[in-house]
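J.: First the structure, which I've put down as structure tokens, then a few questions once you've had a look.
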Amino acid sequence: MQSSIKNLISRRHLLRILVSSNLKRQNKNTTLGYLWWLLDPILMTGVYYLLVAVLFRRGDGNSPYLMYLLLGLLSYKAFSGSLAQSVSMLQNQGAIIKAISFPKAVLPISMVLSNAVYFIVALLVAMGMGIYYGPEWGSWPNWYYLMLPLVISFQVMFTVGLALIVATLGVFFKDTANILGHLLRMWYFFSPGLYSLDKIPDHLLPYFRLNPFCELMTAYRDIMIFGRMPTVFDLGYSFITGVVSLLFGYWVFRRYEGRLVQKL
Amino acid sequence: MSGQAVISVEAASVCFKVYKSRRRSLREAMFRSLLRRDELIEVWALREVSFQLNRGESLGIIGDNGAGKSTLCLLLSQIMEPTAGKVTVDGKVSALLTLGAGFQGDLTGRDNIFLNGVYLGFDLGLMRAKFKEIVEFSELEDAIDLPVRTYSNGMRARLAFSIAATIQPEILIIDELMGVGDQKFQKKSRNRMKELISQSKALVVVSHSMPLVQDLCSRVVWIDQGRVVAEGPTDEIVERYKAQG
């Protein structure tokens, strides 16, 4: 069964159950279980904070640096986690792909969506910390928070597109997973996760801004730290890259979907 | 006759392109395209296979190991598409071939019932309605809330069969009269399977077991090395198959 829009809609229950199974499975075997939902982002931020702010004495003096780091990390982790899991998803599920007919695109899509759920929960935690620690941490919840679902959905579209491509490549080329790991790490350092954009030399800035994570991270921070409306450019650019990625990824996946079964 | 066809296979061929190294690495792919050294081996699993299955009919597919029966099953259950030719299916195909393929060991039996059910194409409402029945049939009782990885083989098989047996088959594909679990459960599952067969609107039996094919099917397609050797009434074709083998 091909992943036509019609088939995907008729199998939405499958997508829903896959998302909840992914989430349930993720931390099932750890002692702390669901606590990892909070611990993971907190520890990660702690590590980078120690590295950048304490050891290198750098950081962004103008904004609460911890919150700044946290927002960048969380949004990027939702993206990189989705791709890293999608790349081997089809191989791991080879047995069922060969046994039951279903639109295979649900597998990477479900991965992206479960990472998005994880991300949203972590954002709520960040919001809670903002409220608890007050304005030094971030903005109080305000009307601009209503823009968050929009920004998140742009990021999800962008991620789904790439996840579909990566999942396809992973079946045809064994070493996609290896390369992807390095690419994702590099991509993070080319995104304003640890630094702010005014640290980038002016003549390089336009190139940096091609990376939609510039706009996405800036938008999250505008809303949650500075309590202001993200710029029209940031919103527009992340929307367009999201749509382009989604359409292109879907096209690639559909094109090679028929050959997947043979390769698994 | 064609108006009643629920499955029609028209000149379907399946070609597997096999590389000498089973899966290509990026380096090899680049080298090959640069050097134009094609180490591609084409294996035709099926060649121009044609037949029809009509409503109310039961068809047997026989042949030696490696004749292409499994590939044909993949085509009929719409898991794979033919390289050339056409397979048209009118109705919902349920293949009772590999059971429990999608089980997630870390999830409980309960979670796996829903997961497997939606994989098979049922909606959640139906699964909720059938849930009790499935658990009862599987005889797993309280173990249903334990992770599936803690199950014995027998328990897994019982759960898998119980989920698959909730189907309301239109077109049913089977490879044997599966009996799983202990003696008692085997009898129960066989009976359930016979029920499914009698409910189905069309049946395909892919099997090595001639008695089973003779028992269930009115017509037989015999394939060898990916081609249809003969097609016709069961007894006649099975006689010829046996004589040749």
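J.: Of everything in the stretch B:179-231 that's of a type in the set (Lys, Arg) and assigned to a helix (DSSP H, G or I), which residue is nearest to B:PHE51 (Cα to Cα)?
T.: Here the answer is B:LYS194.
J.: Look through B:ASP111, B:ASP142 and report the one residue that is within 11 Å of chain A (Cβ to nearest Cβ) and either farther than 30 Å from B:LYS17 by Cβ or among the hydroxyl-bearing types (Ser, Thr, Tyr) (or both).
T.: Only one candidate qualifies: B:ASP111.
J.: Still on this model: Only residues that are in contact (Cβ under 8 Å) with a residue 24 or more places away in the chain and assigned to a helix (DSSP H, G or I): list them for the stretch B:82-114, please.
T.: Correct list: B:GLY109, B:ARG110, B:ASN112, B:ILE113.
J.: Would you check if there is a residue in the stretch B:67-81 being on the phi > 0 side of the Ramachandran plot and in a loop (DSSP other than H, G, I, E, B)?
T.: Yes; the residues of the stretch B:67-81 include at least one that is on the phi > 0 side of the Ramachandran plot and in a loop (DSSP other than H, G, I, E, B).
J.: Moving to a separate point now. Any residue that is touching an Asp or Glu at 6+ places or on another chain (Cβ under 8 Å), without any contact (Cβ under 8 Å) to a residue 40 or more places away in the chain and not in a loop (DSSP other than H, G, I, E, B) - is there at least one of those in the stretch B:138-146?
T.: no
J.: Also: So B:GLY60 fits all but one of (1) touching a Cys at 6+ places or on another chain (Cβ under 8 Å); (2) surrounded by fewer than 22 Cβ atoms within 10 Å (Cβ to Cβ); (3) farther than 22 Å from A:ASN7 by Cα; what number is the exception?
T.: All conditions are met except number (2).
J.: Turning to a different aspect of this structure: So if I check each of A:VAL151, A:VAL112, which one is farther than 19 Å from A:SER20 by Cα, buried (at least 22 other Cβ atoms within 10 Å of the Cβ) and at pLDDT 95 or above?
T.: Sole residue among the options that is farther than 19 Å from A:SER20 by Cα, buried (at least 22 other Cβ atoms within 10 Å of the Cβ) and at pLDDT 95 or above: A:VAL151.
J.: Select from the stretch A:154-186 the residues that are in contact (Cβ under 8 Å) with a residue 12 or more places away in the chain and more than 13 Å from A:LEU83 (Cα to Cα) and list them in ascending order.
T.: Matches in the stretch A:154-186: A:PHE154, A:VAL171, A:PHE172.
J.: Looking only at residues that are outside any helix (DSSP H, G or I) and free of Cβ contacts under 8 Å to residues at least 12 places away in the same chain in the stretch A:91-109, which one is surrounded by the fewest Cβ atoms within 10 Å (Cβ to Cβ)?
T.: So, considering only residues that are outside any helix (DSSP H, G or I) and free of Cβ contacts under 8 Å to residues at least 12 places away in the same chain, the one surrounded by the fewest Cβ atoms within 10 Å (Cβ to Cβ) is A:ALA99.
J.: Right, next: Picking from A:ALA219, A:ALA167, A:ALA177, which residue would you name as being over 28 Å from A:ASN142 (Cβ atoms) and touching a Pro at 6+ places or on another chain (Cβ under 8 Å)?
T.: Exactly one of A:ALA219, A:ALA167, A:ALA177 is over 28 Å from A:ASN142 (Cβ atoms) and touching a Pro at 6+ places or on another chain (Cβ under 8 Å), namely A:ALA167.
The values are calculated or read from the model by the stated rules, or taken from the named source; none is laboratory data. Being a predicted model, the structure only gives us computed values, none of them experimental. We place every Cβ from the backbone using ideal geometry, glycine too, and count neighbours over all the protein chains shown.
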